[in-house]
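One structure below.
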Amino acid sequence: MGDEQEAARRLVALRMVQVLPGFGTWASSIRDFETPFGRVGLRQLSILYLMRYAPASGVDLTPRALSQTFDIQPSVITRSLARLEEHGFIERIKDPVDRRVARLSITEKGCEVSIYVEELFVREMLKSIEIIGDDRIGELSAWIETLSQIRDDLKSRRMPDTAEA
């Protein structure tokens, strides 16, 4: 790879590091959502969202697996799960093979609240992407898939504890 190509790739990587976290900041700036189902926090919604899509993602729906997926302490996930269960958004089901393991299942009400909030995000995003012409939406869609692949690769390679020079 030539010096110019390497410099261009480095600039793209730098811009991704600068810009992409802003999307997470935008999403997490909304701490609680008032819904027809009551107030729901972002972490709880993230859990419901993951549970809605779990069959396709291959995530094991146990408290332990969720704490690992979200990279948070088991006690934090336990509190969130307790609130979700209390509101009827999820239920715990004993594993038929190992009764010590509780499997989690999203309820119809949990799906409804997750879909409700997802639609709020989609409506806001639609407003912001109005600046993109119809002729470029397909191109953006392809790049989003590429970004998804890059994210998955980054997650699989975790940052080293110390930076290499």
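Look at the Cα gyration tensor of region 31-81: its axes a ≥ b ≥ c give a/c of at least 1.5 with a/b at or below b/c, and that counts as oblate. Length gained on full extension, Ser105 to Ser156, computed as 0.36 nm times the residue gap minus the Cα-Cα distance: 15.7 nm.
Once the Cβ-Cβ distance between Leu42 and Gln73 is put in as r, and R0 is 22 Å, what FRET efficiency do you end up with, to the nearest 0.05? According to the calculation, E is roughly 0.85.
Think of each Lys and Arg Cβ as +1 and each Asp and Glu Cβ as -1; about the Cα centre, that makes the dipole of region 30-130 roughly 380 debye. Our summary gives region 30-130 a relative contact order of 26 percent, counting only alpha carbon pairs under 8 angstrom and 6 or more residues apart.
The stretch between Ala13 and Ser128, if pulled fully straight at 0.36 nm per residue, gains 39.1 nm over its current Cα-Cα span. Relative to the current alpha-carbon distance between Gln149 and Arg83, full extension at 0.36 nm per residue lengthens the span by 20.5 nm. The loop-placed chymotrypsin sites (Phe, Trp or Tyr not before Pro) in region 4-109, going by DSSP, that have at most 15 neighbouring Cβ atoms within 10 Å of their Cβ come out as Phe70. Qualifying trypsin sites (Lys or Arg not before Pro) in region 73-123, where qualification requires a DSSP coil assignment and no more than 12 other C-beta atoms within 10 Å, comprise Arg99, Arg100. Applying 1/(1 + (r/R0)^6) with R0 = 25 Å to the Cβ-Cβ distance of Arg31 and Lys94 gives a FRET efficiency near 0.15. From the square roots a ≥ b ≥ c of the eigenvalues of the alpha-carbon gyration tensor of region 106-159, which class results: rounded (a/c under 1.5), prolate (a/b over b/c), or oblate? Note, shape of region 106-159 comes out oblate.
Each reported figure results from applying straightforward, stated rules to the coordinates on display, with no laboratory input. The structure displayed is predicted, hence computed values, not measured ones. Quick reminder, even Gly has a Cβ in these numbers, built from the backbone with ideal geometry, and neighbours come from all protein chains shown.
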